[in-house]
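Any read-out appearing in this document is the output of simple, stated calculations on the displayed coordinates, not a laboratory observation. Nothing here was measured: the structure is a model prediction, and the numbers come from that model. Using ideal geometry, Cβ is built from the backbone for each residue, glycine included, and neighbour counts are taken over all protein chains shown.
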Amino acid sequence: MRLIKKEISSDGSGRVSLVPQETNDLWYIFRILNEGNTLRTRTIRKVVKENSSGATTSAERKVITIILKVSRIEYDPAGGSLRVSGQNIGENEFIRLGQFHSTDVLLDAQISIGKSSWDNVDRKLIEESCDASLNADVAAVILDDSVAHLYLVTANMCIEKSTIHNSAAKKKYAGPGSDAKQQKFFKQIMQSMTVHVNSEKVRAIIVASPGSTNTQFVECMRGFHEGDLGRLAGQNKSKVLTCRVGSATTDALKEAFDDPGVLKRLGDTKFAQEIKNLNMFLKKMISAPEMVAYGYKCVRAACSNGAVETLLVSDSLTESMGRHRTKVSALMEEVQSYGGTVHTLSSMHASGKQLEKYTGIAALLRFACADAEMDDPSGVDPAATGIEKLAVTSKKGEYHTCYDGKMLVKGK
């Protein structure tokens, strides 16, 4: 993301101009935009001309600048598209004031977002989106002899791009020609990678399997020297990492990212930091439970004593505008004010989903804090923390976020 201009007054109101440069930037815009904000962007509008009798004489598509009061935002993670709907609130000769319009946010096109209050959550999102070192794509192939799953993992989400089945494996045939059938299976995986993996952007390609299938696939991959498959192998030769996992399922993806060699290669990327901090929290839960806190009430108590060194927050707690977001945002700001660090974990990553099992908010402490101890360390009632999880569905007119595998929606 490229930051063009940031004009935020002392009361928190203002406008920020941005240029999304890659599909992951659309996720940040989806997180930043909320119902009631304003969006200034260029859009295409079909303009119809009529004669005095009301008959249509011509129709043409014009590129115009529009200012919308946002009422709905739709984001498709798999397709990499963001659509915004709302009422026109700016003077325009082609669209009446108050008329509804929908437009797609395009890459490399400047937009301007206006808010009555830019809180700590919004500012952190802008900072993260403009830091290229935090945003790096990783491709992962989780496979065994019968199936392969290709994932693209960005700083904020994990998307399954394709699933390839090896029909020959079901026949358990190990006679002449079985190697050729396995090579065909590996070739199909590579062909899928040429479509979904951008070799210039990925930092690493992780190949994981329960047995030796991963090393066999890598050997096959390095055997290609010409054509699209040869380019794929050549451009990513130094990026390929292999590791062992228990199965070729979605759960194996987290297992692969927990591998020390994989974490070392990912370095200081955002999701590598998320995994490291969550793993540290889980280890201390066992070895030194007095040095961690989870649940809003307990973390709030630790923060009041200046005990929070690292705060972990699921982004699901900061999605909606309301008292819950205000409370979490204030907590994040307080932790940062006395030198603590704050990490927002994506609920579309395995680490974020695991954090949600601990109410979505947790902390690593500088020192033990009696006020932060849980009455019942075996479980947490989210309602008791004062922070409720976002509902998948909601009543008409309420804010909601839903994920059906294709689309994320905010608004009415």
Discussion item. Spelling out what I want: for every residue of region 81-91, take phi, set θ = phi - 60°, compute 6.51 cos²θ - 1.76 cosθ + 1.60 (Karplus), and round to whole Hz; glycine and proline get x.
Written reply: 10, 9, 10, 10, 10, x, 8, 6, 10, x, 5
Worksheet item: In percent, how large is the relative contact order of region 2-133, given Cα pairs closer than 8 Å and 6 or more residues apart?
Response: 31
Discussion item. Skipping prolines and chain starts, which residues have an amide H placed within reach, meaning under 5 Å, of the one on Ile67, given they are 5 or more residues away or on another chain?
Written reply: Ile89, Gly90
Item to complete: Could you go through region 261-270 in sequence order and give the Karplus-derived ³J(HN,Hα) for each residue, using 6.51 cos²θ - 1.76 cosθ + 1.60 with θ = phi - 60°, rounded to whole Hz, and x for Gly and Pro?
Response: x, 5, 4, 5, 5, 6, x, 9, 5, 4
Fill in: Burial order of peptide ranges 14-22, 67-75 (average beta-carbon count within 10 Å, highest first)
67-75, 14-22
Worksheet item: For region 2-133, what percent of Cα pairs sit more than 18 Å apart?
Response: 57
Response to the item:
Which of Lys161/Lys237; Lys254/Lys297; Lys254/Lys284; Lys69/Lys327; Lys187/Lys276; Lys270/Lys357 exceed 24 Å between C-alpha atoms? The answer is Lys254/Lys297; Lys69/Lys327; Lys187/Lys276
